[in-house]
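First comes the structure, then the notes that go with it.
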Amino acid sequence: MTKRNRRAHSPAFKAKVALAALKGDKTLAELAQQFEVHPNQITDWMKQLQERVAEVFETGKTSAEPPVDVKVLHAKIGQLTLENDFSYGLFLQARRAPLSLARSQT
């Protein structure tokens, strides 16, 4: 028996199918055949759309991401750049040091 991969539908596709189902022009069976998905899947997507439709019109709520302080990020970039430059300078000195010691011994 071969293993079938699950299809991952995009949010845009799910919205398109759910809106078509809510429109009511076609039955779930017709939509399932048209979009090649199971009728139960369409029902689930319709329920999700109906539950979350009010979120579109909510105001005052910010996204789940915390606000970003650009000044702090620029300071961190500057600090890391200095550390990187310093480390690279030490690397170059260490790379040259064995050569200068070897020449002075001969």
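The values are calculated or read from the model by the stated rules, or taken from the named source; none is laboratory data. All values reported here derive from a predicted model rather than from experimental measurement. Every residue, glycine among them, receives a Cβ derived from its backbone with ideal geometry; neighbour counts consider all protein chains shown.
The residues listed here are V72, V56; of these, the one that is modelled with pLDDT under 95, of a type in the set (A, V, I, L, M, F, W, C), in a helix (DSSP H, G or I) and under 30 Å from A15 (Cα atoms) is V56. Cβ separations smaller than 7 Å between residues 6+ apart or across chains give the following pairs from segment 1-18 residues that are closer than 14 Å to Q48 by Cα to residues that are assigned to a loop (DSSP other than H, G, I, E, B): V17/V37.
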